[in-house]
Amino acid sequence: MSGREFSKIKESLASWSDIRQLLRGGEQGQLVPVVIPKDRRGFAWMTLVFLAVYCAGMAVVTDLKALPALAAVLLLVIAAVLMWRKAIIEIEEGTTGVRSRWGAITGTLPPGRHYLWLPWDRVDAVVDTSTEIPYTAPIVACPTAENVPLKSIEFFLKFRIVDPVAFVRTIGAGNFDLVLASAVQDAIRQRSRRVHTEHAYDLRGSDVGDMQEALNRQLGRYGVRVTGSNIPDVQLPDQYQQHLATREKVAKELSAYEREWELTRKRRIDTLLMEIERSKKTRDARVVEVKAAYNKARKDVARMLEEQETEAQRVRWEIEARGRAELTAAENEAKALRRLAESYRDNRAVLQYELARRRLDVGAKLAESAPQPLVVRTQQGSGDSSALSTLLLAQLLPRLSGQPSPNGSAPSAQR
């Protein structure tokens with residue numbers, strides 16, 4: 001810690017090409033939040049304008065008009081391009097340019113490309129307004145509440161420039177370094193005065209919100225805001241460190257004895273608790289056994305009663321089922337007899353109808369197969385049959401009786 005020094009803040013004068021490197025990396029280990037750019041604009045374009053005017057005058061006076069006029073136009077074009085190139089101002093992202101006119105600050109330029117055509121318009125400074133700049137301040141010989149000077153207290157903070165115009169116009173980077181170092185020392189010494197020496201190590205990582213608020217109140221008028229702070233390290237004097245080491249040793253031995261006694265007491269308490277738990281478990285087991293026997297007896301009685309009720313219910317159901325079965329059988333038998341009588345009655349009418357129908361069928365068949373009478377008429381007045389009638393009768397009789405005729409063909413009745 002003795003080799004650590006305050007962080008240094010400064011402003012630098014550099015060309016536009018070196019601004020980014022200085023703002024991001026600093027210069028020779030020092031922080032550079034503000035860079036004053038070198039004005040690269042000159043009056044060379046005015047010289048070209050004067051030459052163009054001279055060439056134009058030569059074109060008017062002399063007889064050679066084309067060549068001087070062309071030279072004048074070319075010089076004017078070159079002067080315009082040179083003026084345009086020199087008027088371009090590029091502000092890096094995360095930075096802000098402070099614009100002035102005739103030396104008076106008129107406003108700011110945001111990041112991007114801008115054009116400053118007038119020679120009296122310029123950028124006085126480029127300020128880093130987005131980066132949280134770290135600042136380390138090791139304070140030596142800070143007295144405590146007992147007036148014991150601490151070896152050192154390291155204070156770390158981060159700040160950001162929120163108002164570049166106020167920062168550049170009011171204080172500047174060089175003066176701000178002195179003001180910030182003084183404010184930090186004053187805040188650290190006030191804090192150490194409120195701390196007892198034996199509790200000095202408690203400052204490490206402690207809450208420093210009040211210190212941050214006090215610094216913001218002091219630095220707010222400069223356009224700076226502290227965004228974070230803490231105390232990373234505290235060192236006591238060597239003699240007090242030895243005394244503290246002895247106290248820590250005694251405290252550790254006392255703590256070890258207290259832990260040992262606590263372990264012994266806890267072990268005895270655990271043993272007694274285990275015995276109590278074991279007794280409780282034995283008692284609970286016996287209670288469970290008694291409850292189980294009681295529940296078993298109740299279950300046996302309930303089961304016996306249930307079996308008796310079931311048996312009585314079964315007998316009652318059997319009697320009822322037997323009575324219902326006999327009643328149903330009697331009803332079914334009566335229904336069967338009634339249906340049998342109805343069927344006998346219906347079958348008698350059907351049989352009579354079938355008998356009558358069969359009689360008709362038999363009569364029809366007999367009528368069909370009965371011999372048909374044949375009447376042969378002969379001449380009237382003649383008592384004897386003629387030969388022709390006899391021949392016809394001889395042919396028809398076999399046909400009527402179903403026998404073939406003597407000549408093998410069925411005779412046809414002729415009249």
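The values are calculated or read from the model by the stated rules, or taken from the named source; none is laboratory data. Owing to the predicted nature of the structure, the values given are computational and were not obtained by experimental measurement. As a convention, Cβ positions derive from the backbone with ideal geometry for all residues, glycine included, and neighbour counts pool all protein chains shown.
Points worth noting:
- Among residues of segment 207-223 that are closer than 17 Å to V162 by Cα, those with a Cβ under 7 angstrom from a residue that is in a loop (DSSP other than H, G, I, E, B) and at pLDDT 85 or above, sequence gap 6+ or separate chain, pair up as G223/V162; G223/D163.
- Checked against the criterion of being in contact with a strand residue (DSSP E or B) (Cβ under 9 Å, 6 or more places away or on another chain), over 17 Å from G220 (Cα atoms) and either assigned to a loop (DSSP other than H, G, I, E, B) or of a type outside the set (V, I, T) (or both), the candidates A141, A173 yield just one match: A141.
- Top-ranked residue of segment 217-236 - restricted to ones that are out of contact with any Phe, Trp or Tyr (no Cβ under 9 Å at 6 or more places or on another chain) and in a helix (DSSP H, G or I), ranked as surrounded by the most Cβ atoms within 10 Å (Cβ to Cβ): Q218
- Residue in segment 141-148 that is in contact with a Ser or Thr (Cβ under 8 Å, 6 or more places away or on another chain), of a type in the set (V, I, T) and in the same structural domain as Q190 (by TED's automatic domain parsing) present: yes
- Residue within segment 37-45 that is at pLDDT 70 or above and in contact with a Phe, Trp or Tyr (Cβ under 9 Å, 6 or more places away or on another chain) present: yes
- Within this structure, E213 fails the test of being in a helix (DSSP H, G or I), among the acidic types (D, E), at pLDDT below 80 and farther than 30 Å from R99 by Cβ.
- Test for L366: is it out of contact with any His (no Cβ under 9 Å at 6 or more places or on another chain), exposed (fewer than 10 other Cβ atoms within 10 Å of the Cβ) and in a helix (DSSP H, G or I): yes
- E93, sole failed condition from (1) part of a loop (DSSP other than H, G, I, E, B); (2) at pLDDT below 70: (2)
- Flag if T108 is of a type in the set (S, T, Y), under 15 Å from V162 (Cα atoms) and in a strand (DSSP E or B): yes
Yes/no matrix, rows are residues, columns are (1) closer than 26 Å to L215 by Cβ; (2) assigned by TED's automatic domain parsing to the domain that holds G228:
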| site | (1), (2) |
| --- | --- |
| R85 | no, no |
| I91 | no, no |
| T95 | yes, no |
| V98 | yes, no |
| A104 | no, no |
| D121 | no, no |
| A137 | yes, yes |
